[in-house]
Amino acid sequence: MNRRDSIKYIATGTLASGLLFSGCDWAEKKEAVVKSLWKYKYGRTPSEIEHDNLLLSQKFFSQEEMEMITQLGHFILPRNEAGNIEEAEVPEFIEFMAKDFPEFQKPLREGLTAINERAQLQFNLSFVKTDDKQKKLLIDPIAYPDAVAEALLEQSEFFTLMRNLVLTGYFTSEVGLKDLGYQGNQPNVWDGVPEDILREHQMEYDPKWTSNFLDVDKRNDVAQWDGDGNLIT
Amino acid sequence: MYILKEKKEYDVVIVGSGAGGGMATKVLSEAGLKVAVVEAGPHFDPANPEQMTQMKQPYHSPRRGANTSRAFGDFDMAYGGWDIEGEPYTRAEGTDFDWFRSRMLGGRTNHWGRISLRFGPLDFKSKSRDGIGEDWPIGYEDVKPYYDKVDKLIGVFGSKENIYNEPDGFFLPVPKPRLHELYYKKGAEKAGVKVMPSRMSILTKRINQERGVCFYCNQCSRSCQVYADFSAGSCLIFPAQKSGGQIALYTDSMVREVTVDGNGKATGVNYIDKKSGLDYSIKAKVVVMAASSCSTARILLNSKSASHPNGLGNSSGLIGKYLHDSTGGGRMGFVPNLMNRKTYNEDGVGGMHLYSPWWLDNKKLDFARGYHIEVWGGLGAPSYGFGFNPNDLNSFFGKPVGGYGEFLRQDVKKYYGSLIGMDGRGESIARKENYCEIDPNRKDQWGIPVLRFNYKWSDEELKQAKHMQNTFEEIITNMGGIPLGEKPGRDKNYGLQTPGRIIHEVGTTRMGDDPKKSVVNPFEKLHDLDNVFVVDAGPFVSQADKNPTWTILALSWRTSDYIVDQFKQQNF
């Protein structure tokens, strides 16, 4: 779905009932928008900024739903010393995606409602009031797609979607990138795979190719060629 | 309609600012000609902090880089996409074509793959080789001097390989292959597939003091702020402005038609200022079309007059015909030996460090024309989608898929960098039956009639795609890997992508000597008019299994030299 379609969804009101402005007053909201604008400043066109601001100023999930998303997030990816889903702003990311990609709205909302109903039925508690043991009993039957009862298939699909959003949200965050060990996105000079890793994989650079490889010390010398296209600098 | 007149008159008006338009802008303005460049999108400079996405982190995007806003993700540097609000196109029933447009100064050169391949001697004479399609009226020897000049002006890394149909050029040094690429090399060579360093217009070494040197962030698709990769703005138009060229840039200006006088000679263009919605006309002695193959065809077909009733330069009826895009197919594999990797910065340049050129002789095959193979994988930057189905690969080890808990974190790390992929990009046959035309029933938001596409793949492309899939599977297996997903069969067109998806669409204003069988002459001039040229990929007679940009640049330079020469002879 492209941006135009998602705007269309909002405008036609098919899902607009969930998209209420947050209760805070205008000044507070404006401040929040300005803050998020600054936070998400990354080369947007004017129409993209307008669209993102619209989404950022709207609220799709209720407070209880947000609490459920947060608890489910921690359950899917428990915190450890490397980081947790709240540091990774996973709940905010899921709230944004529900507005940015409206196809997510129905399965997420219905999934949250259904798991809440099961919590009520089994424990006479709302999901957010259940403890870890009770959560495990609610989630185990829907957590392994290969072994799900027919009646819980939709619940399982919901849980898979939640797991995907939680993990992608975590590993694209500042803490998640660090946890993963991703070391790029910074200026550097690529001079090949580290020696010890080459050895570990029993690989080597083809000696016939060596003369073509970049000499990193000469990369700032302006290129010059002879008449046959041989580099002479 | 009321049309406001621009006061200034120009020697040349250039429609579009991508590879073809950018090169024409540079060559013509540096020859002292007064040039107007008309671009349908806004101004763009990769060094402008307001527009820059390079070096941003995934979490700088509230959607973590997802493609709900931009077709290739939130950081990709193409304003536009497959669908542009208010500027639709249609498809004839039972046919398929997806049309990608980038509306900005520099066009698609801001995000393209930088794969910079020369056409070889065989590529210009395909019909002589296999009896299918048509030969170009020019040959490699005509274009070679311009390929050489483009190499030196813009910069391309590569290695000298002495392969007849993959001509060498003036190359910068190549970056060493990444780990998964070394695995690919082993697997491919075992299958008899040639592997060599890729050829890409990225500066691994300085070529002048105006442009920087690559700092290996892997983000060429975001356009480089130090101008270390090729885009038409940073490498052609801005330098031409700095060197004193008389260039007037009209941005957010969409050309409606080429105008003609009572004698049928072109006098300039009419355009819509998108911001005000007002129509303007620009007068010029020469019109250079560089709006991209299909946009150029659309403008010419919409430029109807008493002297050109079928559209400008369309006495042959061939404008829009022979539209063809590269074939595309791909496969992904899982390499268990690449599990549990020690991580290090493996970003490298924006794309592959090695690839496979076409390596077989079609005489021994059941299809015409070849394909090259691009390879991907490695310890790349996570973006939206990373971590989806985090442990599906557990099924290969009899371990549970799905679940929750700390082990998910470990599974993601375990499999990080263990996937590799291959994409085949091949030559399709230019056929008259594949074309774009004006849809009589539909106009865009500016009231301009839109294009309707008619495109179907033929057996030649299907057989080629089938061959690709067999090759991919063999290479993955040779690497010690496991091909993932189901191998696409006949019911899925062997994985052949929808026409247009590879974004190499060419051929709509075919070049030739015979005005009845072609639209432009060997200098890309419309047969029907003396002062209108086409310097995008429209004139391509066949597209080879090479990405078109380097040939667009070389031909645009050649045509621009011709235009300068004609000005000197006072022929305009």
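The values are calculated or read from the model by the stated rules, or taken from the named source; none is laboratory data. Keep in mind it's a predicted model, so treat the numbers as computed, not measured. As a convention, Cβ positions derive from the backbone with ideal geometry for all residues, glycine included, and neighbour counts pool all protein chains shown. Accessible surface is based on the protein model in full, side chains and every heavy atom, while ligands, DNA and RNA are left aside. Shrake-Rupley method; radii C 1.70, N 1.55, O 1.52, S 1.80 Å.
Relative contact order for chain B: what percent, with Cα pairs under 8 Å and sequence separation of 6 or more?
Relative CO of chain B lands at 23 percent.
In this structure, the pairs whose alpha-carbon distance is over 28 Å, taken from B:K364/B:K456; B:K160/B:K517; B:K443/B:K466; B:K34/B:K525, are B:K160/B:K517; B:K443/B:K466.
Across the alpha-carbon set of the range A:140-233, the Rg to Rh ratio works out to 1.30, Rh being the Kirkwood radius. For the range A:187-203, the residues whose amide N sits under 13 Å from a probe point set 7 Å from the Cα of B:E189 along the beta carbon direction are A:203. Less than 15 Å apart at the alpha-carbon level, and either on another chain or at least 8 residues along: which aspartates and glutamates does that give for A:K99? Within the straight-line limit of under 15 Å, A:K99 reaches these aspartates and glutamates: A:D5, A:E48, A:E50, A:D52, A:E65.
Counting only heavy atoms of the protein chains and using a 1.4 Å probe, B:V258 has close to 10 Å² of accessible surface. For the pair A:I197 and A:Y144, the difference between a 0.36 nm per residue extended length and the Cα-Cα distance amounts to 15.6 nm. In a DSSP loop and with at most 13 other Cβ atoms within 10 Å, the GluC sites (Glu not before Pro) in the range A:41-94 are A:E81. Using DSSP to define loop residues, name the trypsin sites (Lys or Arg not before Pro) in the range B:214-291 whose beta-carbon has at most 13 other beta-carbon atoms within 10 Å. Sites meeting the loop and neighbour criteria: B:K275. Listed values for the range B:194-209 are Karplus-derived 3J(HN,Hα) couplings in whole Hz (6.51 cos²θ - 1.76 cosθ + 1.60, θ = phi - 60°), namely 5, 10, 8, x, 6, 10, 9, 7, 10, 7, 6, 8, 5, 10, 6, 7, and x replaces Gly and Pro. Entry for the range B:469-572 at q = 0.11 Å⁻¹: log10 I(q)/I(0) = -0.53, Debye formula applied to identical alpha-carbon scatterers, no solvent contribution. Note on the protein assembly as shown: with charges restricted to the Cβ of Lys and Arg (+1) and Asp and Glu (-1), its dipole about the Cα centre is near 1020 debye. Once the 1.4 Å probe is applied to the protein heavy atoms, the range B:47-145 comes out at 33 Å² accessible per residue. 3J(HN,Hα) along the range A:212-224: 7, 6, 4, 8, 5, 6, 9, 6, 9, 6, 4, 5, 9 Hz, from the Karplus curve 6.51 cos²θ - 1.76 cosθ + 1.60 with θ = phi - 60°, whole Hz, x for Gly and Pro. The orientation-averaged projected area of the convex hull spanned by the Cα atoms of the protein assembly as shown comes to 35.7 nm². In this rough spin-label picture, where each label sits 7 Å from Cα along the Cβ direction, the B:S458-B:K160 distance is 3.9 nm. For the range B:67-183, the square roots a ≥ b ≥ c of the C-alpha gyration tensor eigenvalues yield an a/c of 1.5 or more together with a/b not exceeding b/c, which makes the shape oblate. Relative to the longest principal axis of the C-alpha atoms of chain B, give the angle of the C-alpha long axis of helix B:406-415, reported between 0 and 90° and rounded to the nearest 10°. Once rounded, the angle reads 60 degrees. The charge dipole of the range B:394-528, taken about the Cα centre with unit charges on the Cβ atoms of Lys, Arg (+1) and Asp, Glu (-1), comes to about 280 debye, rounded to the nearest 20. Given a 1.4 Å probe and the protein chains as shown, B:C214 ends up with an accessible area of around 10 Å². The share of Cα pairs per 10 Å bin across the range B:276-334, counted from zero up to the longest distance, runs 17, 37, 24, 12, 7, 4, 0 percent.
Across the residues of A:45-51, average count of Cβ atoms on other protein chains within 10 Å?
3
Label positions at B:K443 and B:A92, each projected 7 Å from the Cα along the C-beta direction, are separated by 2.5 nm. Sequence-ordered 3J(HN,Hα) estimates for the range B:127-134 from the Karplus curve with 6.51, -1.76 and 1.60 and θ = phi - 60° stand at 5, 4, 7, 10, x, 10, x, 9 Hz, glycine and proline given as x. Note that the range B:1-137 carries a Kirkwood radius of 18.8 Å, evaluated over its alpha carbons pair by pair. Calculate the length of the line joining the C-alpha centroid of the range B:253-276 to that of the range B:120-148, in whole Å. The range B:253-276 and the range B:120-148 have Cα centres spaced 34 Å from each other. Here the Kirkwood formula puts the hydrodynamic radius of the range B:430-486 at 15.0 Å, using every distinct Cα pair.
Given a 1.4 Å probe, show me the residues in the range A:141-162 buried by at least 50 Å² of accessible surface when comparing the whole protein assembly to the chain alone. Residues meeting the cut-off: A:Y144. Considering only Cα atoms, the convex hull volume of the range B:415-509 works out to 164 Å³ per residue. Taking Cα centre as origin and charging only the Cβ of basic (Lys, Arg, +1) and acidic (Asp, Glu, -1) residues, the dipole magnitude of chain B rounds to 860 debye. Size of chain B: Rg and Dmax of its alpha carbons, in Å, are 23.7, 78. Restricting the range B:450-525 to GluC sites (Glu not before Pro) that sit in a DSSP loop and have at most 10 other Cβ atoms within 10 Å of their own Cβ leaves B:E486. As a fraction of the 1.4 Å probe accessible area of the range B:375-479, surface on carbon and sulfur atoms comes out at 48 percent. In the calculated pair-distance distribution of the range B:202-264, the portion above 13 angstrom amounts to 71 percent of the Cα-Cα pairs.
Give me the summed buried accessible area for the A-B pair, 1.4 Å probe, to the nearest 100 Å². Counting protein atoms only, the buried area is about 8000 Å². From helices alone, chain B scores -6000 deg cm²/dmol at 222 nm; the rule is -39500 (n - 2.57) for each run of n ≥ 4 DSSP H residues, then divide by the residue total. Which residue, B:N493, B:G113, B:V288, has the largest displacement toward the positive end of the dipole of chain B when charges sit on each Cβ (Lys, Arg +1; Asp, Glu -1)? Farthest towards the positive pole: B:G113.
Can you compute the equivalent ellipsoid semi-axes for the range B:524-572, i.e. the square root of 5 times each eigenvalue of the Cα gyration tensor, sorted largest first and rounded to whole Å?
Value: 24, 12, 6 Å, ordered largest first.
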